[in-house]
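What follows is a single structure, written as structure tokens, with notes after it.
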Amino acid sequence: MSRRVVITGMGIYSCLGKNLDEVRQSLYEGKSGIGIDPLRSEYGYRSPLTGIVERPQLKGLLDRRARICLAEEGEYAYMATAEALRNAGIDLDYLAANEAGILYGNDSSAKAVIDSHETTLRTKDTTLLGSGAIFQSMNSTVTMNLATIFKLRGVNITVSAACASGSHAIGLGAMFIRQGLQEMVICGGCQETNYLSMSSFDGISAFSTRIDEPTKASRPFDRDRDGLVPSGGAATVILEEYEHAVKRGAHIICEVAGYGFSSNGANISQPSDHGSATAMMRAMQEAGVAARNIDYINAHATSTQQGDAFEALALSQLFADSHTPISSTKGMTGHECWMAGASEIVYSNLMMLNDFIAPNINFENPDEYSKNLNIINKTTEKKINIYLSNSFGFGGTNSALVIKKI
């Protein structure tokens with residue numbers, strides 16, 4: 001019999017807040033975390049819009065050696081993971097005595113690479129890069145650093161799957177536990193927010209240019225959307241095998257009941273309603289639920305014309321008849337990219353624990369694709385027992401997770 005997988009802890013560091021309490025309040029209030037970054041305009045961006053995420057102060061929390069090995073996204077991931085472990089009742093002594101793994105979504109460490117390049121150009125001496133440069137610049141920077149900081153001895157892999165990275169990390173963590181390969185896996189996703197990391201997106205006109213009203217720029221599913229707003233931070237969940245969690249006396253938040261995936265196998269940047277629907281159906285099939293059983297859907301919808309339209313088509317195929325409540329929290333957060341699949345599990349769990357649906361803010365006028373969907377644009381009190389969370393990315397990678405309340 002397949003083993004059950006539960007979430008026993010979670011942590012968040014995002015533009016909505018630096019911890020679970022702050023983020024829960026922002027979600028309930030429909031508060032946007034989007035603003036203007038002047039450095040982007042100076043650098044040559046079309047759009048200076050971004051989620052505003054404050055860098056954490058790690059002095060006093062980590063020793064100097066640990067700090068100099070962490071890239072920006074690693075700092076966020078440390079904060080989210082430290083909170084998740086506290087939330088799960090796990091300390092360093094427990095991790096030293098018990099095997100735990102880590103699967104974390106990350107698909108860039110751009111600033112660290114560019115900083116090293118510029119230092120070498122300026123000094124003509126690679127020995128001046130510093131001993132932490134290599135550990136900041138590798139794509140696996142987060143897992144290698146967190147595994148070292150928290151003394152983890154289980155699986156240790158970075159998941160790079162574009163904007164579905166965080167979701168796939170959780171799905172794969174559940175698979176490791178179901179197969180009996182691990183009892184506990186730290187999973188999540190992170191995204192750097194510095195201007196050096198996002199210029200290529202800006203270069204293909206992916207970003208909103210509604211700079212006169214930053215908090216209204218991200219408009220998932222809305223007819224008048226003009227592009228996404230980049231954002232970042234980190235989110236972490238602690239996955240455990242159910243019996244292991246019970247034996248440990250852990251507080252169980254919810255169950256990871258289903259993981260679905262697919263690849264579109266078509267244009268590198270064009271989404272697919274068929275691919276999206278396939279991932280959702282696989283997740284529901286593994287969870288043993290039908291569309292009518294889903295109480296809420298946290299949509300991937302990033303506020304781009306094509307992406308929202310194709311997801312709306314897929315959602316209409318599966319959920320229009322059941323009138324399932326849907327919202328995209330990206331109206332508030334912007335698109336948290338590699339982090340989004342993990343952060344939206346934390347956001348949705350906070351809704352589930354507090355009996356509300358956070359609004360799809362800035363959804364004022366449906367288009368031909370979203371008009372048939374039950375999109376929630378105001379905070380709505382509702383008990384959520386089962387929800388679905390979607391994450392899709394460049395290259396046609398799709399991930400969907402079904403989560404059940406215990």
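Table for the structure above
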| quantity | calculated |
| --- | --- |
| Filtered residue count, the range 250-272, keeping only those that are part of a loop (DSSP other than H, G, I, E, B) and hydroxyl-bearing (Ser, Thr, Tyr) | 2 |
| Subset of the range 371-406 (residues that are assigned to a loop (DSSP other than H, G, I, E, B) and in contact with a strand residue (DSSP E or B) (Cβ under 8 Å, 6 or more places away or on another chain)) | Leu373, Ile376, Asn377, Thr379, Lys382, Ile384, Asn385, Phe394, Gly395, Gly396, Ile406 |
| In the range 66-83, the residues that are in contact with a Cys (Cβ under 6 Å, 6 or more places away or on another chain) and aromatic (Phe, Trp, Tyr) | Tyr76 |
| Every residue from the range 313-349 that is more than 14 Å from the chain's Cα centre (by Cα), over 17 Å from Asp222 (Cα atoms) and in a helix (DSSP H, G or I) | Gln317, Leu318, Phe319 |
| Single match in Gly232, Gly203 (criterion: in contact with a Cys (Cβ under 9 Å, 6 or more places away or on another chain), small (Gly, Ala, Ser) and not assigned by TED's automatic domain parsing to the domain that holds Phe392) | Gly232 |
| Scan of the range 47-68 for residues that are among the polar types (S, T, N, Q) and either modelled with pLDDT under 95 or not in a loop (DSSP other than H, G, I, E, B) (or both), ordered by number | Thr50 |
| Residue match in the range 67-87 (condition: over 25 Å from Asn139 (Cα atoms) and either among the hydroxyl-bearing types (Ser, Thr, Tyr) or touching a residue at least 24 places away in the same chain (Cβ under 8 Å) (or both)) | yes |
| Flag for Tyr369 being farther than 30 Å from Ser197 by Cα, assigned by TED's automatic domain parsing to the domain that holds Pro271 and touching a Ser or Thr at 6+ places or on another chain (Cβ under 8 Å) | yes |
| Which listed residue, of Ile52, Ile34, is surrounded by 20 or more Cβ atoms within 10 Å (Cβ to Cβ), β-branched (Val, Ile, Thr) and either in contact with a Lys or Arg (Cβ under 6 Å, 6 or more places away or on another chain) or assigned by TED's automatic domain parsing to the domain that holds Arg86 (or both) | Ile34 |
| Check on Glu255, touching a Gly at 6+ places or on another chain (Cβ under 7 Å), charged (D, E, K, R) and either modelled with pLDDT of 95 or more or over 16 Å from Ile345 (Cα atoms) (or both) | no |
| The listed residue being assigned to a helix (DSSP H, G or I) and either in contact with a helix residue (DSSP H, G or I) (Cβ under 7 Å, 6 or more places away or on another chain) or under 15 Å from Gln191 (Cα atoms) (or both), out of Glu73, Glu22, Glu118 | Glu73 |
| Flag for Tyr94 being out of contact with any strand residue (DSSP E or B) (no Cβ under 6 Å at 6 or more places or on another chain), crowded, with 24+ Cβ neighbours inside 10 Å and of a type outside the set (Gly, Ala, Ser) | no |
| Checking Ser322 against (1) under 18 Å from Leu228 (Cβ atoms); (2) touching a helix residue (DSSP H, G or I) at 6+ places or on another chain (Cβ under 8 Å); (3) hydroxyl-bearing (Ser, Thr, Tyr), the condition it does not meet | (1) |
| Identity of the residue in the range 274-312, farther than 30 Å from Arg4 by Cα and of a type outside the set (A, V, I, L, M), that ends up nearest to the chain's Cα centre (by Cα) | Thr302 |
| When residues of the range 264-303 are limited to those that are buried (at least 20 other Cβ atoms within 10 Å of the Cβ) and of a type in the set (Ser, Thr, Tyr), the one farthest from Leu373 (Cα to Cα) | Ser272 |
| The lone exception for Thr127 - which of (1) within 27 Å of Ser343 (Cβ to Cβ); (2) surrounded by fewer than 18 Cβ atoms within 10 Å (Cβ to Cβ); (3) of a type in the set (Val, Ile, Thr) it fails | (1) |
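Let's see how each residue does on (1) closer than 24 Å to Ile157 by Cα; (2) in contact (Cβ under 8 Å) with a residue 24 or more places away in the chain; (3) not hydrophobic (A, V, I, L, M, F, W, C):
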residue	(1), (2), (3)
Gly33	no, yes, yes
Leu39	no, yes, no
Glu42	no, no, yes
Glu54	no, yes, yes
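The values are calculated or read from the model by the stated rules, or taken from the named source; none is laboratory data. Just so it is clear, the structure is predicted and the values come from calculations on it, not from any experiment. Glycine also receives a Cβ, built like all others from the backbone with ideal geometry; neighbour counts cover every protein chain displayed.
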